[in-house]
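The values are calculated or read from the model by the stated rules, or taken from the named source; none is laboratory data. Remember, it's a predicted structure, so these values are computed and weren't measured experimentally. With ideal geometry, Cβ positions are generated from the backbone for all residues, glycine too; neighbour counts draw on all protein chains shown.
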Amino acid sequence: MRAFTTRAGRWPLALTFAVVGALAACADDPAGPKRSAPLKPQFAAGDVYTVTTTSDTGGGSLRWALSHATGGETIRFDPSLDGQTINLASTLILPVSVTIEGPAARGLTINGGKKIRLFEMTDTGWFSFKNLHLKDGKSHDQRPAGAILTGNGARVILQHVTVSGNESIGPSAIYAYDVAMSNSTVSGNVSQNSFPYSAVVAIRNLTLVNSTVANNVGNGVSGSSYFALRNSVLANNTGANCSYAGQTVFEMKNISSDGTCGGPNDVIVADPKLAALADNGGPGPTHALVVGSPAIGIGVGCQPVDQRYVPRDTPCDLGAYEFVDATVVTLTIDGGAAAIQNSGWATATGTVTCSRVESMELAVKLTQAQKTGRGTVNVDAATTIPLDCSPTPRPWSASMVPSSGAFQVGYAAADAQTVNVPGWVAPATASRQVKIYWSKK
């Protein structure tokens, strides 16, 4: 496991994802333009402008706002546009650095209809996209990228964004000098060339944090300088998941369905078991993790929420989606425990019920405080037993052999908890006072 480092000329990870937040924090909502003013937004660096229509052109449209941007603005959308789609008739040109931020609840889709590239940047600054679904862009001009194409030196930041269904003769979705992705999904993009171009190409620096790159025709990601990977999933791309010639830096855990993203100490090579791209809530479609996914419950230091703004568990899951359909385990402990008089061993029993069929282990402990003269001594026993459970309650039984002494007739404290549970199973515990009695056998 390697830590992220910062060198001159490199895009530091913390700075990458602080840029948008810092700009938004110092932005004030501007008053609407006066009727006597020219029909254009009065932008200044750091301003926030609100798009009010899904029309491709005209006052209040996204294209209209971008045409008047001077650099550093944040463009947001009226709440009434939450979950809506802008169908483009031509490529959106971004001549200066801007942030385009859709509504957090359902996002906003920008659709190229398989006819045109979605965005082209002509500046060398940074461009940030948040809470968007960039869909069905297509390059027809022999240049790469159906969704995002940048000029020399441009940086692209994606947060809570899905990039899907885009096509190009070369790199299918994104082509930029620097790309940083957090809580984002790149899926189902198609490189039309027989040579396996990648869905995401970063000429210099590529950083993936809690992101999923899957099911693209061609390679997943590629570049030639610097590749940083943290808590991410790369899977089932028809070429190599990773095609990177530069320095690679790994942090926490990552999963790839092939061995192209790193060595055995850097990346887990396994099928992450992704569901199809679907509307699972949030600002864009995602690949849900299904029961049995090795990406569940192994992350450390994840983003606080997933792409859908669902809070992440501890431990968290890899990729853009946090698994929320945990198996629920219900434990009971019976009120009596039979003991063998000549040995002092006891048997604790109970039932277990699971919301789906699972296998795990159950740790059981029995503690009895016994009087010895003027004091007391604890007699205790602990054991772990295999446990199979299903939606139908099943009995469990654990033989409790004291570490010293012997159980006697009387009361004892019994505790049970599931252990060695899969990441998709919610841990369970139970405690109660039980009465120890002599077995008749």
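Of all the listed residues (432, 356), the sole one being touching a strand residue (DSSP E or B) at 6+ places or on another chain (Cβ under 6 Å) and within 30 Å of residue 273 (Cβ to Cβ) is 356.
Within segment 433-440, one or more residues are among the β-branched types (Val, Ile, Thr), under 19 Å from residue 332 (Cα atoms) and more than 33 Å from the chain's Cα centre (by Cα). Take the residues in segment 65-89 that are part of a helix (DSSP H, G or I) and farther than 10 Å from residue 52 by Cβ, then tell me which one is modelled with the lowest pLDDT. My answer is 67.
One residue stands out in segment 313-333 among those that are touching a Pro at 6+ places or on another chain (Cβ under 9 Å) and β-branched (Val, Ile, Thr): the one that is surrounded by the most Cβ atoms within 10 Å (Cβ to Cβ), namely 329.
From the list 70, 124, 99, the lone residue that is farther than 23 Å from residue 190 by Cα, touching a helix residue (DSSP H, G or I) at 6+ places or on another chain (Cβ under 7 Å) and not aliphatic (A, V, I, L, M) is 99.
Of all residues in segment 303-320, those satisfying the criterion of being touching a Ser or Thr at 6+ places or on another chain (Cβ under 9 Å) and not basic (Lys, Arg) are 303, 306, 307, 317, 318, 319, 320. Name every residue in segment 244-276 that is outside any loop (DSSP other than H, G, I, E, B) and either surrounded by fewer than 21 Cβ atoms within 10 Å (Cβ to Cβ) or at pLDDT below 90 (or both), in order of residue number. Matches in segment 244-276: 244, 247, 248, 249, 251, 268, 269, 275, 276.
Pairs are defined by a Cβ separation below 8 Å, a sequence spacing of at least 6 or placement on different chains, a first member in segment 132-153 that is β-branched (Val, Ile, Thr), and a second member that is surrounded by 24 or more Cβ atoms within 10 Å (Cβ to Cβ) and in a loop (DSSP other than H, G, I, E, B); the pairs so defined are 148/118; 148/173. Residues that are of a type in the set (Ser, Thr, Tyr) and in contact with a His (Cβ under 8 Å, 6 or more places away or on another chain) within segment 189-225 comprise just one, 212. Scanning segment 95-128 for residues that are under 25 Å from the mean Cα position of the chain (by Cα), small (Gly, Ala, Ser) and not in a strand (DSSP E or B) yields 102, 104, 105, 107.
Just to be sure before I move on: is residue 307 in contact (Cβ under 8 Å) with a residue 24 or more places away in the chain, surrounded by 21 or more Cβ atoms within 10 Å (Cβ to Cβ) and part of a loop (DSSP other than H, G, I, E, B) in the structure I sent? It is true that residue 307 is in contact (Cβ under 8 Å) with a residue 24 or more places away in the chain, surrounded by 21 or more Cβ atoms within 10 Å (Cβ to Cβ) and part of a loop (DSSP other than H, G, I, E, B).
The single condition from (1) part of a strand (DSSP E or B); (2) more than 17 Å from residue 437 (Cβ to Cβ); (3) under 41 Å from the mean Cα position of the chain (by Cα); (4) not hydroxyl-bearing (Ser, Thr, Tyr) that residue 371 fails is (3).
Considering every residue within segment 338-351, establish whether at least one is touching a residue at least 60 places away in the same chain (Cβ under 8 Å) and touching a Lys or Arg at 6+ places or on another chain (Cβ under 7 Å). No.
For segment 158-172, residues that are over 19 Å from residue 102 (Cα atoms) and among the aliphatic types (A, V, I, L, M) total 1. Here segment 129-153 is the region considered, the condition is being buried (at least 23 other Cβ atoms within 10 Å of the Cβ) and among the polar types (S, T, N, Q), and the residue that is nearest to residue 116 (Cα to Cα) is 139.
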